[in-house]
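Inspection log for the structure reproduced underneath, given as structure tokens.
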Protein chains: 2
Amino acid sequence: MQLTHFLPIARGDEPADLVLRNGRVINVFTGEIIDADVAIAGDCIVGVGPEYEAGEEIDLGGRYVCPGLIDAHVHIESSMVTPPQFARVVVPRGTTTVVTDPHEIANVVGADGIRYMLAVSQGLPLTVCVNLPSCVPATHMGTAGAELTADDLVALRDLERVTGLAEFMNVPGAVLGLPGALEKLVAFQGRVIDGHAPGTTGKWLQAYVGAGPGSDHECTTADEMVEKLRLGMVVFIRESTAAKNLRALLPAVTPQNSRRCAFGTDDRHPADLLDEGHLDHLIRLAVDEGLDPVTAIQLATLNVAQWFRLRDRGAIAPGKRADLVIFSDLNDFRAEMVFGGGELVARDGAPVGEWPTPAVDDSHVRDTVHVDWGQLSFAIPAEGERVRVVGVVPDQVVTEHLVEPAKLEDGLAVADVERDVLKMAVIERHRGTGNVGLGFVRGLGLRRGALAGSVGHDAHNLTVAGCDDVSMMTAARAVGELGGGLVAAAGEDVLGAVPLPIAGLMSDQPVETVRRQMDHLVDLATDLGSPLHDPFMALGFLALEVIPTLKLTDRGLVDVEKFDFVPLFV
Amino acid sequence: MQLTHFLPIARGDEPADLVLRNGRVINVFTGEIIDADVAIAGDCIVGVGPEYEAGEEIDLGGRYVCPGLIDAHVHIESSMVTPPQFARVVVPRGTTTVVTDPHEIANVVGADGIRYMLAVSQGLPLTVCVNLPSCVPATHMGTAGAELTADDLVALRDLERVTGLAEFMNVPGAVLGLPGALEKLVAFQGRVIDGHAPGTTGKWLQAYVGAGPGSDHECTTADEMVEKLRLGMVVFIRESTAAKNLRALLPAVTPQNSRRCAFGTDDRHPADLLDEGHLDHLIRLAVDEGLDPVTAIQLATLNVAQWFRLRDRGAIAPGKRADLVIFSDLNDFRAEMVFGGGELVARDGAPVGEWPTPAVDDSHVRDTVHVDWGQLSFAIPAEGERVRVVGVVPDQVVTEHLVEPAKLEDGLAVADVERDVLKMAVIERHRGTGNVGLGFVRGLGLRRGALAGSVGHDAHNLTVAGCDDVSMMTAARAVGELGGGLVAAAGEDVLGAVPLPIAGLMSDQPVETVRRQMDHLVDLATDLGSPLHDPFMALGFLALEVIPTLKLTDRGLVDVEKFDFVPLFV
């Protein structure tokens, strides 16, 4: 907003557009709750206090007003919907800004994916800031769809809404000063660099912090959090679908250090977003665990804004963006009204009014499944008596490194359904290289059929597991025909699917639709015998070669502890 | 420090240069005090914790270690010495960084003065950051030596060590959006803009904050401070020679809002620096008043660094600049050792080692007194029976607006020593315009002789007051012959002087010398009859036309409340 427009209204010479009367304003600067009106003009707060006049008034009747919530770290792709659809689910819950790391889409289509995420979120009631993915690809032991060099990142770093460099996962690269890593860190010196250092401690942590990453969202214990806080890291307390850290970390938050803490959601799947919520869920949980409610709101507003240097938001004060949440109960934070840039954009959990639908050329992020199906075979010639098997651990992304007797038929190693040793394949799907990694997996529990998906962290190749090659091929080809998605198949029948046409990661449908599709698909997987409550989530992490212990990429089996390939047959 | 040098030491593969063993480290991030070693390499902290090896070790024997102190707002010129000499007095007291506003020298020589302050402080153990003076000249009712437009400031804003825009004193300009003011605010949008809004409240304060200034160091009451904190201003608690606000403001500091508070010294004269100290004095005073010692240190370290975005300092953590203070008593903060950029630079209150003496061409800031003495006359033709008289208020910069009978002799109005109505003149001294403002002053109390000085806020014209024109002329010409300074004279005799050859504001001698010279000069003024403990300070503010009530500039008498000139005779 232009100062020439702002000033006459702020000083009271001209009326505001809107006054919210009789609010109890959460003052995140002072930790106070203050009875006050909030005057708004355009997208901007012009005054806080009594005696402002306006064209429109809303009587809050003593309800609370806090700044719009800001998510310190999220991968929107994990919601399986596009940013506009993601906005429709999180804004009504009080989130008006997110810092997203488009790491997943960047692994598929590189900088085009980052530019798509920026373009498609233009003008939404949700401000989508982008922290640039620092580690694409995660390693060179799998084939991603793109690589982002330091130069590629430098070309993006000054775009509007780009905040800095996201979760620097390459801890050895930073600590040992390896060339590719160092180049990126140096390119972002003086800017925001988010860290990602699960379990890193002692001198390695000191070196890592000194190398540049200044935040961390991977703490799992209070001790780990305290060590990181002491070294000056801002700690994002994460409560995602896959990693729930809030209860473990909250005891480490003190009145003295809370300014250095924030909330991040990382990955939240459709059902969690709809059933539990977004940052509002984290605030409720934290307050329920005993955190002061105003402190909890600070962790989701001012503290995040400070870390990301988003100086126009995160507080209720003149000149700040009019992103506001109205709610009634400090101990049960539920957004009743949400204002985004001065407009009422949600009420009682639902969007209000027409939201912009940015017209974006998404051709670069569609049609991303490129497999040479004619060449494809899942046959595994027998080369020994025993095979390595990836062991699924329920609700974890780590796996076990198992060794089992191979089931041999006609000179081939095949699935052994009775012993829950399914066949698994990771099919390179970006460039049609013909790469296929083949192996075995235990823990998915299928008794028949196959599951396949184009979500396969981090390279997002086509991952398929099943009881027989025909079912596997049916499932995999169906994913290909959808241009990406999740599929359950049995024999030559496709039983069900969740289409994910955007980079093979995101639907173009609303989150409620995706959630119904997912529920149905998981029911089908259950019918096929899987005991897991989300076997597709398990499937999606079987190829992630940076998480222990045994993983399968399109290039073969990886022993993560050795950080190298190992043969299938022992 | 290069990361390739830092990393092997931080991770423990190579030894550090220096380890401070057995410290009690003030952790400003968490508010804790932690037993730890601090490892240093080059100018950088490489690790905090045990087990670091180094070429050199110092056993702290359990003494405290805190980050080097950072002054949020200071005019170095007020110390009457140059930055290198200022450093020699404040660094041994624990201050390793200051944000200075070279407002005084800029009023004399403009951008040249700012560049001089940057150049002459290059490489000192004290990091001298510069916030650019926003209001040069203060008004157009006096003649300053320079004018800084928005364009002039833009040309300086990206220089190394320039932090932003200093105390935006033009409150009406900001609130009313007047062109010159608005242009500067817009030019610094997104950068640090310090405020200066004494007593501003209500909607004007809301407009002022929204216009950009985000800090304030002019609070005099706890209520004023709380109002400003609530609007998001960072409040610098000031304890200067002329304005002592700490005791009044400290009750407003709470554990919830202390992150938004900082310390600033603004103006401290040589005697106060030497006798009381610098930021160490503020910390002692605050702790004595009951503030938690670690919180007090945060107000002088991390909080200041955060506001000014000095991300390489203000805390003890890997990668931060090794500016450290060693002290023994939390309740009586006295620096025993001071490290600046990893070097021991002071011990037991005195500098250690050779400090750099930057070779600087200072010709632009010397020889700044340009008066056409031949034209000069202090004669005041009688034009009435009664005159306005500037009334000095002891220890204040405000004055009274008095009206007294004129003493007339030979058709001229002259000083009336019996009634303590002295003659006063403000001689334009920058450009030789011949401007002389003439008037009368009560409260200096001289019985004979005259006082003169080239320090005359903010335009810094040559200000002289005395009992007779001959003494006044002697004093004024002596200031001119010194190229700036403070002088006491009687008749045709110069009694004593403090030479201030740098812009007429600063000595080129050490602060101890200046202090002795000042003490002697004040003794002389006392001999001449002045009852004030520092009549030169009073003299230096008699021309400041932005502070109530009646002031005299080189262009005439100013009624500050009317913000306009008024005639001498009523």
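The values are calculated or read from the model by the stated rules, or taken from the named source; none is laboratory data. Keep in mind that what you see is a predicted model, and the values were worked out from it rather than measured. Cβ atoms come from the backbone with ideal geometry, glycine included; neighbour counts cover every protein chain shown. The accessibility values were calculated without ligands, DNA or RNA, using every heavy atom of the protein model including side chains. Shrake-Rupley method; radii C 1.70, N 1.55, O 1.52, S 1.80 Å.
The table below lists the values:
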read-out: Lone qualifier among B:505, B:462, B:495 - being within 21 Å of residue B:424 (Cα to Cα) and open to solvent by 10 Å² or more (accessible area, probe 1.4 Å); value: B:495
read-out: Criterion (assigned to a strand (DSSP E or B) and open to solvent by 20 Å² or more (accessible area, probe 1.4 Å)) met by exactly one of A:383, A:404, A:418; value: A:404
read-out: Any hit, segment B:94-116, residues being within 14 Å of another protein chain (Cβ to nearest Cβ), within 24 Å of residue B:219 (Cβ to Cβ) and out of contact with any helix residue (DSSP H, G or I) (no Cβ under 8 Å at 6 or more places or on another chain); value: no
read-out: Pairs, first over 30 Å from residue A:517 (Cα atoms) and aliphatic (A, V, I, L, M) in segment A:55-81, second assigned to a loop (DSSP other than H, G, I, E, B) and open to solvent by less than 20 Å² (accessible area, probe 1.4 Å), C-beta under 8 Å, six or more apart; value: A:65/A:316
read-out: Filter pass, residue B:425 being more than 30 Å from residue B:118 (Cα to Cα), surrounded by fewer than 13 Cβ atoms within 10 Å (Cβ to Cβ), aliphatic (A, V, I, L, M) and in contact with a helix residue (DSSP H, G or I) (Cβ under 8 Å, 6 or more places away or on another chain); value: no
read-out: Matching residues, segment A:220-249, being farther than 28 Å from residue B:47 by Cα and part of a helix (DSSP H, G or I); value: A:246, A:247
read-out: Residue within segment B:92-113 that is open to solvent by 10 Å² or more (accessible area, probe 1.4 Å), over 23 Å from residue B:364 (Cα atoms) and out of contact with any Asp or Glu (no Cβ under 6 Å at 6 or more places or on another chain) present; value: no
read-out: Some residue of segment A:76-85 being over 14 Å from the mean Cα position of the chain (by Cα), surrounded by fewer than 24 Cβ atoms within 10 Å (Cβ to Cβ) and either assigned to a strand (DSSP E or B) or at negative phi (or both); value: yes
read-out: Single condition residue B:317 does not satisfy, out of (1) of a type in the set (A, V, I, L, M); (2) touching a helix residue (DSSP H, G or I) at 6+ places or on another chain (Cβ under 6 Å); (3) within 14 Å of chain A (Cβ to nearest Cβ); value: (2)
read-out: Criterion: at pLDDT below 95 and closer than 30 Å to residue A:484 by Cα - qualifying residue of A:397, A:426; value: A:397
read-out: Tally, over segment B:248-299, of residues that are touching a residue at least 60 places away in the same chain (Cβ under 8 Å), more than 19 Å from residue B:225 (Cβ to Cβ) and within 14 Å of chain A (Cβ to nearest Cβ); value: 2
read-out: Test: residue A:163 is farther than 23 Å from residue B:45 by Cα, among the hydroxyl-bearing types (Ser, Thr, Tyr) and either touching a residue at least 24 places away in the same chain (Cβ under 8 Å) or facing chain B (nearest Cβ under 10 Å) (or both); value: yes
read-out: Residue in segment B:520-569 that is surrounded by the most Cβ atoms within 10 Å (Cβ to Cβ), counting only those that are among the charged types (D, E, K, R) and farther than 17 Å from residue B:450 by Cβ; value: B:551
read-out: Condition broken by residue A:354, with the remaining ones in (1) over 24 Å from the mean Cα position of the chain (by Cα); (2) at pLDDT 95 or above; (3) not small (Gly, Ala, Ser) satisfied; value: (2)
read-out: Selection from segment A:172-217 of residues that are of a type outside the set (A, V, I, L, M), more than 9 Å from every other protein chain (Cβ to nearest Cβ) and open to solvent by 10 Å² or more (accessible area, probe 1.4 Å); value: A:172, A:179, A:180, A:183, A:184, A:191, A:196, A:198, A:199, A:200, A:201
read-out: Unmet requirement for residue B:328, which otherwise passes all of (1) within 14 Å of another protein chain (Cβ to nearest Cβ); (2) open to solvent by 30 Å² or more (accessible area, probe 1.4 Å); value: (1)
read-out: Test: residue in segment A:35-45 that is surrounded by fewer than 24 Cβ atoms within 10 Å (Cβ to Cβ), among the hydrophobic types (A, V, I, L, M, F, W, C) and without any contact (Cβ under 8 Å) to a residue 60 or more places away in the chain; value: yes
read-out: Entirely in segment A:473-570, the strands (runs of 3 or more DSSP E) that have 2 or more residues that are closer than 21 Å to residue A:398 by Cα and hydrophobic (A, V, I, L, M, F, W, C); value: A:550-553, A:556-559
read-out: Segment A:11-40, residues that are at the interface with chain B (Cβ under 10 Å from one of its Cβ atoms) and in contact with a strand residue (DSSP E or B) (Cβ under 7 Å, 6 or more places away or on another chain); value: A:25, A:27, A:28, A:34, A:36, A:39
